[in-house]
Structure formats: C-alpha cells, structure tokens
Amino acid sequence: MVEPKFSEPTDAIVQMEPVEVRRYVTFTRINHWFTALCFIVLMLSGFAFFHPSLFGLTALFGGGQNTRWLHPFVGIALSISFLGMFVQLVHLNIIRREDLVWTRNIKDVITGHDERLPELGKYNFGQKSVFWGMFWLILVLLITGIMMWYQYFPDIVSVETRRLAIFVHSVSAVLIVLVFILHIFAALWTRGTLRAMTRGTVTGGWSWRHHRKWLRELARRQGAKPAE
C-alpha cells in the first residue's frame, strides 16, 4: 500500500478506458462552492460600503441595514468553510523543491512546454500560492473584521486601533479579490480544470500533463499504469 504523499486517500483512478481520475469528492466540492458563494456575497456587500458611489449594491441584500448585518455573519461562515478546506488540503500545499523549479520555468508553463517542467503532485506553485494567499488574507480579514464589529464587540479595541483595523481590512479585501480573480483565470486558462470542481473528476491526459507525480502515486496505489 502506497502511503499518500501527493494525494488524498479519496483520490482514485475511477475508469481506465478512457482514463478518468477522481480529484474531489462531493463534500469537498460542496464546501468549495459554498465558500465561493460566501465570497461573492462578501465582495458585493463589502464593495457597497467601500465607496458611496457603490452603495446601490446594498439593494441586492434588501438595503443598507440588512447588508451591514449580513456581511460579518457571512464572513464567519466563509471562515469556517475555508477552515475545513485548509485542514483537509494543507499537507498537499506545502511548498516543495519542484515548485521552485516550476516557478523558474514559468515561461514554459505559459507557452505550454510541459515536457520541460518537473513532475508535480496534486497542486502546482500557482495553486499553492492561491491557497496560502487566501488563508492569510482570510485570517487578517477575520481578525480585523471582529475588531470592526462594533455591535457585538464595542470595547474590544480603542477607537484608534479600530480605525487602523478598517484600513487593513480594506487593503486585505482588495488583495483577496485580486487572488480570487487569479484563481478563476487559472481555472479557465488551464483547459479541463473546471470539471474537477463540477464533476469531481479529470481526464487521465490532464492528470498526466499537469500533475504527473499525483497520477503516478494513484496508479501505484491501485496497481495500474498511469495514463499517457
């Protein structure tokens, strides 16, 4: 039995002709889309308070009062759902030596010369960067958000500290939106990626091309030949 190092125990080659590989189980996909939905609600409701010209976005949530009430609670929900993904996937997102080689050859990534790139586990450096970027920014947004949540925590920090928290919260919000855009762009740019989060599976060719070390591990675990 191969000890999982580059994969989750639930990852598996589920079909041989043509090869189909399970990348995410149903629970992971539901949690991912729930987190994404929370993120979109937070982004729109946050923008509504970002500048007076965007206040009209509060109409999506029933007005300013509702939006002000909804935003922090959805933030808590997102933090909990992301924590679930973090615990599940953190061991696969540790930066490894091959990630640095992959980054040095980013030109080959862009031009599609995958044969010049090192074999990778379940995630490449770009995916790991999104994972860690989301983690640290959500942590900052959660902490500063609580400091700003005057209704429930009126005396948790001084007025000066709360003003600083508002500034840090705003900057972090802009940064995490950029990370979110990068995440969507990468999923659309790399053909065949999106189905991993819709159907839960990817093709053998996609796995062999982008995450060969991951596929090899699954094949060894199941006593099968990796797809080519």
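Compare the peptides 193-200, 181-188, 211-218, 70-77 by average per-residue count of other Cβ atoms within 10 angstrom and give them in order, highest first. Present the calculation step by step, with values, prior to reporting the outcome.
Working: 193-200: 14.9, 181-188: 13.0, 211-218: 22.4, 70-77: 17.0.
Listed from highest to lowest mean packing, they are 211-218, 70-77, 193-200, 181-188.
Quick check: net charge around residue 146, other residues with Cβ under 13 Å of its Cβ, Lys/Arg +1 and Asp/Glu -1? Numbers along the way, then the final one.
Working: positive: 162; negative: 155.
In short, 0.
Give me the 1.4 Å probe accessible area per residue for region 34-116, excluding ligands and nucleic acids, in Å². Numbers along the way, then the final one.
On the way: 4910 Å² over 83 residues.
So region 34-116 comes to 59 Å² accessible per residue, rounded to a whole number.
Can you tell me which of 201-208, 172-179, 136-143 comes out highest on packing, and rank the rest after it, using the mean Cβ neighbours within 10 Å?
Details: 201-208: 19.8, 172-179: 16.1, 136-143: 17.8.
Ranking, from highest mean packing down: 201-208, 136-143, 172-179.
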Spatially proximal aspartates and glutamates relative to residue 5 (Cα-Cα < 17 Å; intrachain offsets below 8 disregarded): 98, 99, 119, 217
Can you tell me the dipole magnitude for region 63-109 around its Cα centre, using point charges on the Cβ only (Lys, Arg +1; Asp, Glu -1), in Debye to the nearest 20? 100
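Just from its helices, what would the mean residue ellipticity at 222 nm be for the chain, if runs of 4 or more DSSP H residues each count -39500 (n - 2.57) and the sum is divided by every residue, rounded to the nearest 500 deg cm²/dmol? Write down the numbers at each step before the final one.
On the way: 9 runs with 142 residues, N = 228.
Value at 222 nm, helices only, nearest 500: -20500 deg cm²/dmol.
Could you state the orientation-averaged shadow area of the convex hull built on the Cα atoms of the chain, in nm² to one decimal? Don't skip to the answer; put the middle values down first.
Working: hull surface 58.9 nm².
Spelled out: convex hull of the Cα atoms, projected over all directions, averaged, 14.7 nm².
Ignoring ligands, DNA and RNA, please state the percent of accessible area on the chain from carbon and sulfur, probe 1.4 Å.
68
Could you pull out every whole DSSP H run in the chain that spans at least 27 Å of Cα extent along its own axis and averages -0.5 or higher on the Kyte-Doolittle scale?
Details: long enough: 26-50 (35 Å, 1.36); 64-89 (37 Å, 0.79); 125-148 (34 Å, 1.64); 159-189 (45 Å, 1.80).
Answer set is 26-50, 64-89, 125-148, 159-189.
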If you average the alpha carbon positions of region 159-198 and of region 5-62, how far apart do those two centres end up, in angstrom? 12
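The values are calculated or read from the model by the stated rules, or taken from the named source; none is laboratory data. Given the structure is predicted, the values throughout are model-derived calculations rather than measurements. Cβ sites come from the backbone with ideal geometry, for glycine too, and all protein chains shown count toward neighbours. For accessibility, only protein heavy atoms count, side chains too; no ligands or nucleic acids. Shrake-Rupley method; radii C 1.70, N 1.55, O 1.52, S 1.80 Å.
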